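Peer 1: One structure coming up, written as structure tokens, with questions to follow.
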Amino acid sequence: MPHRFLWALMVLASAPVGRAADPAPSAANLSLFEQKVRPLLVQHCLSCHSVASGKKKGGLLLDSREAILKGGDSGPAAIPSDADKSLLTRAVSHQDSELQMPPKGKLAPREIAALRDWIAGGMAYPAGSGASREERRIDLVAGKKFWSFQPLAEQTPPVVKDKDWPKGRIDTFILAALEAKQWAPASPASRAALIRRAKFDLLGLPPTPAEVDAFVADNHPDAYARLIDGFLKSSHYGERWGRHWLDLTRYCDIGEAWTETRGQPWHYRDWVIRAINEDMPYPRFARLQLAADQMSDARVADRAALGFIGLSPTYWKELQLPVEIIRTIVSDETEERINALSSTFLGLNMACARCHDHKNDPITAEDYYAVAGVFASTRQADQALAAGIDGLAVAEARQQVAALEAEMKKLMGQKAAPVAEKISNLESRIRALKATPGYDSSLVPGAVDASLRVVEAKGTHGSRIVYESAATDMPVEVRGNPNKPGKVVPRRFVSVLSPGEPRPLNRGSGRLDLADALVEDSGPLMARVIVNRVWKWHFGAGIVDTPSDFGAMGERPSHPGLLEDLAARFAAHGWSLKWLHREIMLSATYTQASGAPQAVDESLRFLSRFPRRRLDIESWRDALLAVSGNLDLSMGGPPSELSADSNTRRTVYGTVRRRELNDLLRLHDFPDPVIHSAARIPTITPLQQLFLLNSPLVARQAATLASRVQKEGPASPAGRIDFTYRLLFGRMPTDGERKIGLDFTGSGKPNAWRDYAHALLAGNEFQFID
């Protein structure tokens, strides 16, 4: 069938899609500004281009976003989202002989890259926060009064006029906000829509026609509650919700080529899935990811949890370079670890305090280096998933064996007697190495206590890295420069999150102390952050819609009382994520119908309707395979390439390369596994539509779906159209949709059923949930 006709069918099968707005600066772009760009501007630019300095060389100021956009004598200094055409990046890159800044010398490549990324990402620059402003004194007493740092307390549900609508406490908070604006909630969703929504939400899979029929026919009052309980008991629940967690922890199956660890990352992925299926209490879930090897009650299998640290991105260290450069790279890695830790568990970006006290939140540079000492005392290293086995020794033995086997292979083709003797010697050494205890044990990238030092290479230029068993406290690095050390800060927890004096973090590296401090001293903040994340993953928007920023620059809660009450009750119910899902999904708020938002609640932040949402790439691909009858539901184990025709496993088990994402993932908003991802940013692009039209994956599943309909569907053409709609959408077609299907499949065109299936699979209804 000509592509233009298939495209027309896709249009008929699709709901309208609005034009995507130009992207505004993201929270990640703001973090980039605070961590990299603001210090760069202060160090290199503002002495000549700021109000505070009294200088405006070239008519240009760089101390506000407005000033940069206005520019100077040469025109606007930057064009948001277009770094290539921005004068600022051209000047610092020395692309023009007459415009080279700063005058004292070219910036380092990583500094230029940070400027480019900042401009390309929209150029976030907080209003009124001139980069040249004087250092402020942090008032910890006042800082501890900030809303997100307060103790947890259940709230009194508000009084509402409509006593019949609420099904639980959540609904009273939602309805009270709606009534205050004289708005009304939507009517309940249909049974068919509700089961499709709930199964995709909890399992990431479409309901079968039999499941839809059974739920629609079940008139018992607790039918929906039993449906949710059944989904929560499914092992596929952990696959769906484990993937949400892996976004935060920058999981990948294949990391940097130069990484020191050789263990299999998928053990961490499988551990996350198992822990979520077991409904592991969230504090324990967090503690194990920092210190499973140091917890006396941890299972051997729990060592896989250390992948949170062991899979952290690493940066190439060319040891021919001087120690000053290598130290900077190591310091950048420590900053990344602190950003991932604080953003994931605390909803704060402590990394903004590396170069100076945090500009917005009550976190000092000393707080940063106090926690940085823990990571400076921790080495990424393989952990063995077997009791009493030294994973580092096993990994080193395997590496030596690989080198000896490669050497032996080179000698194999030679026949001289000395060669035979060499081979025999190599075989003996290999046997000895393979006798290392636990040599065949499974390894996972993890962590051990060891401090890293960068020292000058012996007898030559360059650097070398030395690991020592003793823990280390870090000095404050003046303006984030490790080659300008200041006062040494003992390892301790963050001051503003501590009920009294900050807890020392001095048992070994301090990882276990840090884990204890997180869940005990900052437990209320942790509860708010994870409850808000789960809410956002259910509704598409959080109560706080900056899920990794609960600080001063983050959004304030749309429903403060609801967040407080839900977080307090979550903690009271054993920090159970399954309890939280049940509480949210059994609410009238969750079970109301979707549809076009009212003009007064266009963003649906007040949830006057259930927000219609597009499936993420994992759920969409899994559903594609499921409805065609090809989905392999086997769980766990090594990853498979998503581009392989034979790969029909769930997408969570697809290979993720940190530095080179698969095209399927890259095109469909999969997060960058180099960084912590607070939320996926949805896009609508022509390339996505072209993928639906031309992808071999979609074409294969369309052909298989057509074959399935012919084999399993009714004999009548109309019955087959109905069967197809029930498989894909969980509903019967309208008369008009049935007529279109009958007209096209009965047209006599070659492969009509395959092309019809392709059009429905590529349509919007298959990609969205109501």
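The values are calculated or read from the model by the stated rules, or taken from the named source; none is laboratory data. Keep in mind it's a predicted model, so treat the numbers as computed, not measured. Heads up, the Cβs are rebuilt from the backbone with ideal geometry, glycines too, and the neighbour counts pull from every protein chain shown. All accessible areas refer to the heavy atoms of the entire protein, side chains included, with ligands and DNA or RNA removed. Shrake-Rupley method; radii C 1.70, N 1.55, O 1.52, S 1.80 Å.
Peer 1: Select from segment 287-308 the residues that are open to solvent by 10 Å² or more (accessible area, probe 1.4 Å) and in contact with a Phe, Trp or Tyr (Cβ under 9 Å, 6 or more places away or on another chain) and list them in ascending order. Outline the logic, then answer.
Peer 2: Going through segment 287-308, the residues open to solvent by 10 Å² or more (accessible area, probe 1.4 Å) turn out to be 287, 293-301, 303.
If the condition is that a residue be open to solvent by 10 Å² or more (accessible area, probe 1.4 Å) and in contact with a Phe, Trp or Tyr (Cβ under 9 Å, 6 or more places away or on another chain), then A301, R303 are the ones that fit.
Peer 1: Next question, about the same structure. How about segment 177-194: which of its residues are in contact (Cβ under 8 Å) with a residue 40 or more places away in the chain and open to solvent by 60 Å² or more (accessible area, probe 1.4 Å)?
Peer 2: Restricting attention to segment 177-194, the residues satisfying the condition of being in contact (Cβ under 8 Å) with a residue 40 or more places away in the chain are 177-178, 181, 183-190, 192-194.
Selection gives K181, S187, P188, S190.
Peer 1: Looking at R398, is it in contact (Cβ under 8 Å) with a residue 12 or more places away in the chain, surrounded by fewer than 17 Cβ atoms within 10 Å (Cβ to Cβ) and farther than 30 Å from N481 by Cβ? I'd like the intermediate steps shown before the answer.
Peer 2: Details: in contact (Cβ under 8 Å) with a residue 12 or more places away in the chain: yes; surrounded by fewer than 17 Cβ atoms within 10 Å (Cβ to Cβ): no; farther than 30 Å from N481 by Cβ: yes.
Here the answer is no, as R398 does not meet what is asked.
Peer 1: Also, I was wondering about something else. Residues of segment 731-743 being open to solvent by less than 10 Å² (accessible area, probe 1.4 Å) and in contact (Cβ under 8 Å) with a residue 40 or more places away in the chain, which ones?
Peer 2: Within segment 731-743, no residue meets the criteria.
Peer 1: When you scan segment 664-677, do you find a residue that is among the basic types (K, R) and part of a helix (DSSP H, G or I), even just one? If you could, list the steps in order and put the result at the bottom.
Peer 2: The initial filter retains those residues of segment 664-677 that are among the basic types (K, R), namely 666.
This time we only want the ones that are part of a helix (DSSP H, G or I), so: 666.
Within segment 664-677 (the criterion being among the basic types (K, R) and part of a helix (DSSP H, G or I)), the answer is yes, since at least one residue qualifies.
Peer 1: Run R649 past the list (1) more than 25 Å from E278 (Cβ to Cβ); (2) among the charged types (D, E, K, R); (3) free of Cβ contacts under 8 Å to residues at least 24 places away in the same chain and report the number of the one that doesn't hold.
Peer 2: Only one criterion in (1) more than 25 Å from E278 (Cβ to Cβ); (2) among the charged types (D, E, K, R); (3) free of Cβ contacts under 8 Å to residues at least 24 places away in the same chain is unmet by R649, namely (1).
Peer 1: Quick one: which residue in L642, L664, L633 is aliphatic (A, V, I, L, M) and open to solvent by 30 Å² or more (accessible area, probe 1.4 Å)?
Peer 2: Values: L642 fails: open to solvent by 30 Å² or more (accessible area, probe 1.4 Å); L664 fails: open to solvent by 30 Å² or more (accessible area, probe 1.4 Å).
Sole residue among the options that is aliphatic (A, V, I, L, M) and open to solvent by 30 Å² or more (accessible area, probe 1.4 Å): L633.
Peer 1: Kindly evaluate P206 against the criterion of being open to solvent by less than 30 Å² (accessible area, probe 1.4 Å), closer than 21 Å to H538 by Cβ and not acidic (D, E). Write out each step before concluding.
Peer 2: Working: open to solvent by less than 30 Å² (accessible area, probe 1.4 Å): yes; closer than 21 Å to H538 by Cβ: yes; not acidic (D, E): yes.
Here the answer is yes, as P206 does meet what is asked.
Peer 1: Still on this structure, please answer the following. Among the residues of segment 575-598, is there at least one that is more than 20 Å from W245 (Cβ to Cβ), open to solvent by 40 Å² or more (accessible area, probe 1.4 Å), within 25 Å of the chain's Cα centre (by Cα) and of a type in the set (S, T, N, Q)?
Peer 2: Initially, segment 575-598 is screened for residues more than 20 Å from W245 (Cβ to Cβ), giving 586-598.
With the extra rule that they be open to solvent by 40 Å² or more (accessible area, probe 1.4 Å), the set shrinks to 586, 596-598.
Filter again for within 25 Å of the chain's Cα centre (by Cα), leaving none.
There is no residue in segment 575-598 that is more than 20 Å from W245 (Cβ to Cβ), open to solvent by 40 Å² or more (accessible area, probe 1.4 Å), within 25 Å of the chain's Cα centre (by Cα) and of a type in the set (S, T, N, Q).
Peer 1: Scan segment 35-77 for residues that are outside any helix (DSSP H, G or I) and open to solvent by less than 60 Å² (accessible area, probe 1.4 Å) and report the count.
Peer 2: Our first condition is that a residue be outside any helix (DSSP H, G or I); within segment 35-77, this holds for 45-56, 60-64, 71-77.
Within this subset, residues satisfying the condition of being open to solvent by less than 60 Å² (accessible area, probe 1.4 Å) are 45-46, 48-50, 53, 60-64, 71-72, 75, 77.
Going through segment 35-77 one residue at a time, the tally reaches 15.
Peer 1: Within segment 489-498, does at least one residue satisfy the condition of being of a type in the set (K, R), modelled with pLDDT of 95 or more and open to solvent by less than 60 Å² (accessible area, probe 1.4 Å)? Full working, then the answer.
Peer 2: Going through segment 489-498, the residues of a type in the set (K, R) turn out to be 491-492.
Retained after the next criterion (residues that are modelled with pLDDT of 95 or more): 491-492.
The next check asks that each one be open to solvent by less than 60 Å² (accessible area, probe 1.4 Å); those that pass are 491-492.
Within segment 489-498, one or more residues are of a type in the set (K, R), modelled with pLDDT of 95 or more and open to solvent by less than 60 Å² (accessible area, probe 1.4 Å).
Peer 1: Give segment 532-556 a look and list any residue that's part of a helix (DSSP H, G or I) and over 16 Å from the mean Cα position of the chain (by Cα), or say none.
Peer 2: Within segment 532-556, F539 is the sole residue that qualifies.
Peer 1: In segment 482-503, is there at least one residue being closer than 22 Å to Q289 by Cβ, in a strand (DSSP E or B) and free of Cβ contacts under 8 Å to residues at least 40 places away in the same chain?
Peer 2: Looking only at segment 482-503, we keep the residues that are closer than 22 Å to Q289 by Cβ, and these are 491-494, 497-498, 502-503.
Narrowing the set further to residues that are in a strand (DSSP E or B) leaves 492.
After this cut, where a residue has to be free of Cβ contacts under 8 Å to residues at least 40 places away in the same chain as well, the list is none.
No, segment 482-503 contains no residue that is closer than 22 Å to Q289 by Cβ, in a strand (DSSP E or B) and free of Cβ contacts under 8 Å to residues at least 40 places away in the same chain.
Peer 1: Which of the residues belonging to segment 516-531 are closer than 19 Å to N339 by Cα and either aliphatic (A, V, I, L, M) or buried (at least 22 other Cβ atoms within 10 Å of the Cβ) (or both)?
Peer 2: Hits for segment 516-531 are A517, L518, V519, S522, L525, M526, A527, R528, V529, I530.
Peer 1: So, one more: Would you confirm whether any residue within segment 263-274 is open to solvent by 20 Å² or more (accessible area, probe 1.4 Å), in contact with a Lys or Arg (Cβ under 9 Å, 6 or more places away or on another chain), part of a helix (DSSP H, G or I) and closer than 30 Å to V401 by Cα?
Peer 2: The answer is yes, given that some residue of segment 263-274 is open to solvent by 20 Å² or more (accessible area, probe 1.4 Å), in contact with a Lys or Arg (Cβ under 9 Å, 6 or more places away or on another chain), part of a helix (DSSP H, G or I) and closer than 30 Å to V401 by Cα.
Peer 1: Just one of the numbered conditions (1) assigned to a loop (DSSP other than H, G, I, E, B); (2) touching an Asp or Glu at 6+ places or on another chain (Cβ under 9 Å); (3) surrounded by fewer than 19 Cβ atoms within 10 Å (Cβ to Cβ) is not true of R250; which one?
Peer 2: (3)
Peer 1: Let me ask you something else. For segment 96-143, what are the residues that are of a type outside the set (G, A, S) and modelled with pLDDT under 75?
Peer 2: Result: D96, E98, L99, R133, E134, E135, R136.
Peer 1: Kindly indicate which of R609, R569, R556, R507 is surrounded by fewer than 18 Cβ atoms within 10 Å (Cβ to Cβ) and farther than 26 Å from E34 by Cβ.
Peer 2: Numbers: R609 fails: surrounded by fewer than 18 Cβ atoms within 10 Å (Cβ to Cβ); R569 fails: surrounded by fewer than 18 Cβ atoms within 10 Å (Cβ to Cβ); R556 fails: farther than 26 Å from E34 by Cβ.
After applying the criteria, what remains is R507.
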